[in-house]
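Below: one structure in structure tokens.
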Amino acid sequence: MTAREGSLEAPTRHPLDWKNPEFYDESKALAEMERVFDICHGCRRCVSLCNAFPTLFDLVDASESLEVDGVDKKDYWKVVDQCYLCDVCYMTKCPYVPPHPWNLDFPHLMLRAKAIQFKQGTPTKLRDTALSSTDRNGKLATIPVVVQLVNKAKENATLRQFGEKSVGVHHSAWLPDFTTKPFRSHAAASPAHAATDGQRTPGKVAVFATCFVNYNEPGIGHDLLKVLDHNQIPYSLVEKEACCGMPKLELGDLESVDALKRKNIPKLAKLARDGWAIVAPIPSCGLMFKQELPLMYPDDADVQAVKAAMFDPFEYFVARHKDGLLKTDFAQPLGKVSYHVACHLRVQNVGQKTRETLQMVPDTQVNTIERCSGHAGTWGVKKEFHETALKIGRPVFRQMAEHPGGEPDWIASDCQLAGHHITQGMQIAGKPTEGKLAHPITLLRIAYGLKE
Ligand code: SF4
Ligand code: SF4
């Protein structure tokens, strides 16, 4: 069969065949890795995206045959370990994705490998499972008294060294504080606005708070509610929300993803069918509902209904603006904003809606950096990956400090975890960051002149 270079058709994606026992057949997965790695070795376009591709190409270049067939299959797992499933290679680089006959899906092949690894058990399984249990960690860590102890412990150098040795969390990786006032139990009730549907947007918003906003940075959630209220959009919180499942997916723990899906989807599907827009302020959680769950459950009508109703907040605001229903009565300029597009937003293919929105604010210059920060969820805090995470992010740290207008007034990323990783990298490079990190939703609240 001849195959042309690249594909002229729009990329599609095949469902994840995760219920098929063959999905977990190690020898079949290794054979598929050999096929895909061979195509990648001949292409090498993705060499600068992450550390998975350099790891693969170094293995090939060090082999006797200088080809993939010379690489010991045991070493394939080194490539798998370096992939944090950002999806950027699939969505932005690879010309061989379906419908191209080579049918290449590098991230989902890595996910399959991770699922096999997870079933077999790895030496770090305990640590990885604990880190990815964001909902459970949040519930435990926000218990009064415990929360103060947890927050203090993360600042203690001796305990951090101990934590690195015992549980494998890098001693200098940024870790979030836990709040004493979780967002969901402290959110203001929605004022009684009438819902005004637009052509592109439902006029009422259900907020999927996310574990990070609920337990770590509730201010982002409160700011979102203030912006909705300012725009006279009635809102509600999703009832009994559980983790979206992305941290479990990144680990290859698909059974836990399934359990979380069964908790969330019935409630979200009801909201979708009742005409609510569902907004998740963390891109990874939005991506889970927009892409990963629909690919895991292609025939599940509830999952597909949720997919159709799910919005990134700025995707919603821009669509609302196009509907003529977003206020632009901005009271405060933002000045120089260094803005990082999170990978999990980039791969949603909705365009740069955050930049578009912030640029509506007068006297605001948004400098956009569209490159991986290296944080990658829980991956970047693990002791074996943290240094690599800083290395991957170095170009982003530099660009975020170099706003064309001079020193930035604000540092912002749609992914607040990436934002913290970026400020950590900037601090290591001696760049000022004090008081500059703010989530784009917080910037929008400030621009409207709304009080904290
Ligand atoms: S999904 Fe992201 S981390 Fe994984 S190989 Fe592709 S670019 Fe690298
Ligand atoms: S994933 Fe695609 S674009 Fe990237 S190196 Fe492999 S073949 Fe090339």
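Which of the residues belonging to the stretch 83-95 are over 16 Å from the mean Cα position of the chain (by Cα) and surrounded by 21 or more Cβ atoms within 10 Å (Cβ to Cβ)?
CYS94
Moving on to the next point. VAL337 fails exactly one of the following numbered conditions: (1) in contact with a Pro (Cβ under 9 Å, 6 or more places away or on another chain); (2) outside any strand (DSSP E or B); (3) not aromatic (Phe, Trp, Tyr). What is the number of that condition?
(2)
Among PRO281, PRO218, which is over 19 Å from LEU85 (Cα atoms), at pLDDT 95 or above and touching a Lys or Arg at 6+ places or on another chain (Cβ under 8 Å)?
The match here is PRO218.
Results for (1) of a type in the set (Asp, Glu); (2) over 26 Å from ALA331 (Cα atoms); (3) modelled with pLDDT of 95 or more; (4) more than 25 Å from the chain's Cα centre (by Cα), shown as yes or no for each residue.
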site	(1), (2), (3), (4)
PRO408	no, no, yes, no
LEU417	no, yes, no, no
HIS421	no, yes, no, no
GLY430	no, yes, no, yes
LEU437	no, no, yes, no
LEU444	no, no, yes, no
TYR448	no, no, yes, yes
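Continuing with this model, one more query. When the residues of the stretch 66-98 are narrowed to those that are β-branched (Val, Ile, Thr) and assigned to a loop (DSSP other than H, G, I, E, B), which ends up farthest from ARG346 (Cα to Cα)?
VAL71
Restricting to the stretch 258-289, name every residue that is among the charged types (D, E, K, R) and buried (at least 23 other Cβ atoms within 10 Å of the Cβ).
Of the residues in the stretch 258-289, the ones among the charged types (D, E, K, R) are 258, 261-263, 267, 270, 273-274.
LYS261, the sole residue that qualifies.
In addition: Restricting attention to the stretch 192-225, and to residues there that are among the acidic types (Asp, Glu) and surrounded by 22 or more Cβ atoms within 10 Å (Cβ to Cβ), which single residue is nearest to LEU417 (Cα to Cα)?
Out of the qualifying residues, it is GLU217.
Would you pick out the residues in the stretch 40-79 that are over 25 Å from the mean Cα position of the chain (by Cα) and of a type in the set (A, V, I, L, M, F, W, C)?
Of everything in the stretch 40-79, those that are over 25 Å from the mean Cα position of the chain (by Cα) and of a type in the set (A, V, I, L, M, F, W, C) turn out to be CYS43, PHE57, LEU59, VAL60, ALA62, LEU66, VAL68, VAL71.
Within the set of pairs 6 or more residues apart or between chains, which connect a residue that is over 13 Å from GLU250 (Cβ atoms) inside the stretch 119-131 to a residue that is at pLDDT below 70 with Cβ atoms less than 6 Å apart?
As it stands, the answer is ARG127/VAL167, since those pairs meet every condition given.
While we're here: What are the pairs, 6+ residues apart or on separate chains, where a residue within the stretch 338-351 that is at positive phi and away from ligand 1 (no atom under 14 Å from the Cβ) has its Cβ under 9 Å from a residue that is part of a helix (DSSP H, G or I) and of a type in the set (Asp, Glu)?
Here the result reads GLY351/GLU315, each pair linking the stretch 338-351 to a residue that is part of a helix (DSSP H, G or I) and of a type in the set (Asp, Glu).
In the set ASP72, ASP81, which member is modelled with pLDDT of 95 or more and away from ligand 2 (no atom under 13 Å from the Cβ)?
ASP72
Among the residues of the stretch 33-85, how many are among the basic types (Lys, Arg) and in contact with a helix residue (DSSP H, G or I) (Cβ under 8 Å, 6 or more places away or on another chain)?
Residues that pass the stated criteria total 4.
Provide a single number: the residues in the stretch 98-131 that are among the small types (Gly, Ala, Ser), surrounded by 14 or more Cβ atoms within 10 Å (Cβ to Cβ) and either modelled with pLDDT of 70 or more or within 16 Å of ligand 1 (Cβ to nearest atom) (or both).
2
Are any residues in the stretch 84-104 under 19 Å from GLU250 (Cα atoms) and more than 9 Å from ligand 2 (Cβ to nearest atom), and if so, which ones?
TYR84, LEU85, CYS86, ASP87, VAL88, MET91, listed by residue number.
Quick one: what pairs do we get from the stretch 42-68, first residue away from ligand 2 (no atom under 13 Å from the Cβ), second not in a helix (DSSP H, G or I), C-beta under 8 Å, 6+ apart or different chains?
Close Cβ pairs satisfying both conditions: LEU59/VAL71; SER63/VAL71.
May I pose another question? Can you say whether GLY286 is closer than 28 Å to GLY405 by Cα and either of a type in the set (Gly, Ala, Ser) or without any contact (Cβ under 8 Å) to a residue 12 or more places away in the chain (or both), as far as the supplied structure shows?
no
Do the conditions hold for VAL213, that is, is it touching a residue at least 12 places away in the same chain (Cβ under 8 Å), of a type in the set (A, V, I, L, M) and touching a strand residue (DSSP E or B) at 6+ places or on another chain (Cβ under 7 Å)?
When the stated conditions are applied, VAL213 does not pass them.
The values are calculated or read from the model by the stated rules, or taken from the named source; none is laboratory data. Quick caveat, the model's predicted, so the values are computed rather than measured. Cβ coordinates were reconstructed from backbone atoms using ideal geometry, including for glycine residues, and neighbour counts include every protein chain displayed.
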